[in-house]
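Working notes for the structure below.
The values are calculated or read from the model by the stated rules, or taken from the named source; none is laboratory data. This one's a predicted model, so the numbers in the text were calculated from it and none came from an experiment. Here the Cβ is made from the backbone with ideal geometry for all residues, glycine too, and neighbour counts use every protein chain on show.
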């Protein structure tokens, strides 16, 4: 186990951002915290990285309490924040140099790792380019390799593709997959369902500071069903879930005969997410 | 040490990218003060037995180095609230002392840059003043104090508008009253002790004594050095508090 979070609570004046969440991230896995804006994803990341203090709760990194071993813990973590917090006036290389020095790396190692990671990110040609001259996708990749420079044991990605075009998002996804393939444990927060479904080994649904469900996307989907039909009517859209395609097709036929506009498709993680959200709203 | 170096190097790299613009902007104010107060108003004026322009230069150095050291608050504010660079520092295994020293030394570097520009303009205007190690040590201590206060203000204040308020209500009055343009002995007795105990006044008096009379009161320098300790502690405290 790489990361263990126990009963984490964070109260800001007038709002409880986290209501005692607990989860574990296993070594080498990509664990996604999936939830709408304001669910508590970024607060969780900020607490793990020491940017925010929790109100209550414990966090263990490789069985060590991170609040008791703060400097040690920071060395084990690579953070890719939601916003691009690079120095826009400085070059890619200069940004990486500063990060390396902040993590007390020897200059020769900073140079070596810079070359390696720039190549991995396909940015070798951009070493001397000012960050402000890079595209959004390139800046995001620089942010990721900066977090990897000090060889962290766990990488925290806070909404790494937010605001990016779909084709750039796909490039970032394959880059994240490459990083995971090299053995890095990853904790990802996102509100993009397809991102979590494509990347994550396990997903936790987080709503209003509470974790509702943790499992692999495959298990979550199969729990709900494999096929879905969407029925469009004057009351709006209604979705029904089925274990087999045959069941779904029978229902589809039934509704078609009643002159409904109906479509058949596979169940996605988004369906599972909406199902739990509905459950929560009913509560 | 590497943490301090990272913070300082970042500031120096940014300063290097803007060096020509910065030198030009740092030259404007002292040039105008020298022309307006030194050459325009004070060409035939003598203060404390010396030509006013010669009297003005050391005061101008202490005031400008104070302003430049304090001005790191603007850069830090931009880094913190707009670029979010402060979060990169906070998530790194960087001690508060290293961060504070890195930022404070960048303020000191800016202060020395402005000092050399004023000295250049002064020499070009035909004003020659005496310089020694204590002269530069005084600038260092003055800049240290105000860089610490600049950093602390950047941590406490959360908007650019409020930063301007601090500059307008504290730094600008101090610049005008702290022995920059006229001797503090002429001030009303009720405020004189307060003004004379301000770090800027102590720095102005010491720089002026060295520059014009090749001497100084060690007590002024000792008070200035001791006042840097609480300022450093305030900077450390505000940086620690800024986490949440």
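Things to note:
- Criterion: out of contact with any helix residue (DSSP H, G or I) (no Cβ under 9 Å at 6 or more places or on another chain) and assigned to a helix (DSSP H, G or I) - qualifying residue of A:197, A:270, A:254: A:254
- Of the helices (runs of 4 or more DSSP H) that lie entirely inside segment B:5-122, those containing 3 or more residues that are more than 13 Å from every other protein chain (Cβ to nearest Cβ) span B:19-33, B:52-70, B:72-77.
- Residue in segment A:154-166 that is surrounded by 15 or more Cβ atoms within 10 Å (Cβ to Cβ) and part of a helix (DSSP H, G or I) present: no
- Number of the condition not met by residue A:24 [criteria: (1) assigned to a strand (DSSP E or B); (2) under 18 Å from the mean Cα position of the chain (by Cα); (3) away from chain B (no Cβ under 14 Å); (4) crowded, with 22+ Cβ neighbours inside 10 Å]: (4)
- Restricting attention to segment A:80-89, the residues being buried (at least 20 other Cβ atoms within 10 Å of the Cβ), touching a strand residue (DSSP E or B) at 6+ places or on another chain (Cβ under 7 Å) and assigned to a loop (DSSP other than H, G, I, E, B) number 1.
- Scanning segment B:191-234 for residues that are in contact (Cβ under 8 Å) with a residue 40 or more places away in the chain, buried (at least 16 other Cβ atoms within 10 Å of the Cβ) and more than 16 Å from the chain's Cα centre (by Cα) yields B:210, B:211, B:212, B:216, B:234.
- Residues of segment A:99-126 that turn out to be in a helix (DSSP H, G or I), more than 26 Å from the chain's Cα centre (by Cα) and surrounded by 17 or more Cβ atoms within 10 Å (Cβ to Cβ), as a count: 3
- Enumeration of residues in segment B:93-124 that are within 22 Å of residue B:211 (Cα to Cα), in contact (Cβ under 8 Å) with a residue 40 or more places away in the chain and in contact with a helix residue (DSSP H, G or I) (Cβ under 6 Å, 6 or more places away or on another chain): B:110, B:111, B:114, B:115, B:117, B:118, B:121, B:122
- Residue selected from segment A:39-79 under the condition out of contact with any strand residue (DSSP E or B) (no Cβ under 7 Å at 6 or more places or on another chain) and in contact (Cβ under 8 Å) with a residue 60 or more places away in the chain, by the criterion farthest from the other protein chains (Cβ to nearest Cβ): A:63
- Residues of segment A:135-152 satisfying the condition of being within 17 Å of the chain's Cα centre (by Cα) and free of Cβ contacts under 8 Å to residues at least 24 places away in the same chain: none
- Enumeration of residues in segment A:204-238 that are assigned by TED's automatic domain parsing to the domain that holds residue A:277, in a strand (DSSP E or B) and touching a strand residue (DSSP E or B) at 6+ places or on another chain (Cβ under 7 Å): A:227, A:228, A:229, A:230, A:231, A:232, A:237, A:238
- Hey, residue A:214 out of contact with any helix residue (DSSP H, G or I) (no Cβ under 7 Å at 6 or more places or on another chain) and under 18 Å from residue A:45 (Cα atoms) or not: yes
- Sole residue being surrounded by 12 or more Cβ atoms within 10 Å (Cβ to Cβ), in contact (Cβ under 8 Å) with a residue 24 or more places away in the chain and farther than 17 Å from residue A:193 by Cβ, chosen from A:241, A:255, A:276: A:255
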